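To start, the structure itself, in structure tokens.
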């Protein structure tokens, strides 16, 4: 089974939006065991759209279209596809009801062009849009499969997941066993180091398959297998997971798709522990990561951004002698990191206190190089742990990697 | 002039990476006045790559390839293109020197496969790689233009900017005037509202052109014109800028590509003003935005994340009666926002103090709906200003829009 993804929209060709739909669909199709051989982007133009359909139909078995099914005259995907397939369009009653309901609910009159969103291709299967108005479509013709999805990701993704994927499994992958996957999440290790450790498993392409899975700033491995049912699949997946875990025991923090902050918060909540932070060079980034998660208030209480030395003294009681003077360790030092973590813990009355202080760059500070960072974890029940990092990279990299490394260290501290 | 962008790499077809190169190149070509009619992604496979080259050559005048020119046997872009053009490959001496220099500099022996990175197409122009090893290429044949660039953005972008763009201007756009652009940056207004106000200018496609420019979470308009020289261009661009500014005077914060935080910091630094913040629902996001900018320490001193009510009382002196009790306004209230901003200003000894407190969701809190947010700006020289927001959207949206709106309000306060 070879697939082609065709994203439709002049805004993509102008570079006004990123083609994240192609990435999402590629990942989903790979998980179904379907090879994507081409991705195409074409504008809102009938001639070129028809050309793209014909080119793709000549080289793929499954064509997945996304975009170009909205209400305007520019939205031509269904017309172009119907034209190439020699079929006509009709107004789908159920989809039209969905459009009517939307405008009635808003108490706004429906303009005539919105009827276009209920158009479907004769002889195909309309795919209901649960999060928008434009109906999708799935058509089988001459042994090839055509799927039409909306452009906005918040409509496209649920329609693919709930409507298109089951249709593909039933019609195009008939008789094949369904695919089951598990996500393994890693921290404290870089992507290339991780891949090196698993290279034989990744390259073997055996069953289950082991593949790196792209997610912004995270290192994730997806293991997948085909099986008759979930129980049979899990037996196979668990075996591979154990093999991977045995190679990387200190980096594998979850076998479901959650960030490490979530694992930390869950663990601390279970144990009734509370948390605070004092941030200098990261300026709030670490606290922002915790509070981005719903329910974080059960564990994370707050903290202090002590960007200036004056505030390190005033709000966090760092002795002046530690910060200033010929032989003082300075703001970027193990000593200051230790005081910051211990003081924020005491001041906020929490069980754990975290701290980060460093030179984010560009350029040095206190005659220390950019990328030098000290972090500490203070706790009621153990000695304060201090860590030194030397990070190569720009300001963003130094800040993000500092925060991520401290999260990893905290997770490890909670393991012991 | 019609262009097609062809990104080469199986990792794109597996969804392991996002095709951000296509977006970058589309924006750059649009700025040169070149229409992109198709974007294609193809894997590291000779047959399919050759098919993609032939298809594109049949429908475009300029073909821009990115990726597939590294050292491995999988890197086939130059071979495939040379094959279709009926040309041979040779080892470019200058490029080979660059490769040799790299390995000598590292004291590592060069493996033989790295010679592939110095290959160029006979009769073309090698494009030096200033940030990597693989040499690029530009070829003109039968009135069509072929440009080969590396895949990694940190190599692709400088090579496009410094090597490919001048070549395109000289060879493909011969005799045409160069293009000049200006970026107009807006805050406090949504993208669609902005576009509505400028729709006639955007749709006219007259000279200068006015086009929305996609950047994560920002609203930007690019105005471009062709002219003999910069002075002539600026006369035309400034006139359009004045027209746009007159329609949206309270939202246009810069005519260069900087974030609003930068404008705020620059303005405050000029006036010798200092800044602090107290954040509840945004949990450090606002302070993170300031401290992400190099040099922010000249203005931004730090602040407090008071996520729990206990810390609002303890660290920011919010009266207990304000927070708790049957008829208390509660943590999410204009009263609390006001105290937070005023107290953080006093405690840190800064000229300005900011605060944000709200219900980020999901779900309500204090019987108040998700999306209800109060913000305040306290200052030494004026009354504290308090703002109420009702934001529709998920937790991320509520948090980001709160912070961005407060930045906008602060910028406006500094205008007056």
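Quick notes on this structure:
For every residue, the table says whether it meets (1) without any contact (Cβ under 8 Å) to a residue 24 or more places away in the chain; (2) in the same structural domain as residue B:206 (by TED's automatic domain parsing); (3) out of contact with any strand residue (DSSP E or B) (no Cβ under 7 Å at 6 or more places or on another chain).
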position: B:18; (1), (2), (3): yes, no, yes
position: B:25; (1), (2), (3): no, no, no
position: B:28; (1), (2), (3): no, no, yes
position: B:33; (1), (2), (3): no, no, no
position: B:39; (1), (2), (3): no, no, no
position: B:46; (1), (2), (3): no, no, yes
position: B:49; (1), (2), (3): no, no, no
position: B:54; (1), (2), (3): no, no, yes
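- Residue in segment B:197-205 that is within 13 Å of chain A (Cβ to nearest Cβ), without any contact (Cβ under 8 Å) to a residue 24 or more places away in the chain, surrounded by 11 or more Cβ atoms within 10 Å (Cβ to Cβ) and closer than 25 Å to residue B:412 by Cβ present: no
- Test: residue A:363 is surrounded by fewer than 17 Cβ atoms within 10 Å (Cβ to Cβ) and closer than 20 Å to residue B:314 by Cα: no
- Count of segment A:372-398 residues which are at pLDDT below 95, under 29 Å from the mean Cα position of the chain (by Cα) and either assigned to a loop (DSSP other than H, G, I, E, B) or away from chain B (no Cβ under 14 Å) (or both): 5
- Residue A:218 meets the stated requirement of being closer than 14 Å to residue A:185 by Cβ and under 19 Å from the mean Cα position of the chain (by Cα).
- Tally, over segment A:53-72, of residues that are outside any loop (DSSP other than H, G, I, E, B) and surrounded by fewer than 18 Cβ atoms within 10 Å (Cβ to Cβ): 1
- Some residue of segment A:97-106 being over 28 Å from the mean Cα position of the chain (by Cα) and within 14 Å of chain B (Cβ to nearest Cβ): yes
- Filter result (in a helix (DSSP H, G or I), at the interface with chain B (Cβ under 8 Å from one of its Cβ atoms) and in contact (Cβ under 8 Å) with a residue 40 or more places away in the chain) within segment A:273-315: A:285, A:286
- Residues within segment B:222-254 that are within 27 Å of residue B:408 (Cβ to Cβ) and either modelled with pLDDT under 90 or in a loop (DSSP other than H, G, I, E, B) (or both), tallied: 6
- In segment B:357-370, the residues that are more than 14 Å from chain A (Cβ to nearest Cβ) and either in a loop (DSSP other than H, G, I, E, B) or closer than 14 Å to residue A:294 by Cβ (or both): B:367, B:369
- Checking residue A:258 against (1) crowded, with 22+ Cβ neighbours inside 10 Å; (2) more than 7 Å from chain B (Cβ to nearest Cβ), the condition it does not meet: (1)
- Residue match in segment A:323-340 (condition: within 33 Å of the chain's Cα centre (by Cα) and not in a loop (DSSP other than H, G, I, E, B)): yes
- Residue A:270 being touching a residue at least 12 places away in the same chain (Cβ under 8 Å) and exposed (fewer than 15 other Cβ atoms within 10 Å of the Cβ): no
- Of the residues making up segment B:25-50, those that are farther than 25 Å from residue A:31 by Cα and at the interface with chain A (Cβ under 7 Å from one of its Cβ atoms) are B:26, B:27, B:30, B:36, B:37, B:38.
- Segment B:3-24: number of residues that are in a helix (DSSP H, G or I) and at the interface with chain A (Cβ under 9 Å from one of its Cβ atoms): 7
- Residue within segment B:333-343 that is free of Cβ contacts under 8 Å to residues at least 24 places away in the same chain and away from chain A (no Cβ under 13 Å) present: yes
The values are calculated or read from the model by the stated rules, or taken from the named source; none is laboratory data. This structure is a prediction, so every number in the text was calculated from the model and none was measured. FYI the Cβ positions are ideal-geometry reconstructions off the backbone, even for glycines, and counts take in every protein chain you see.
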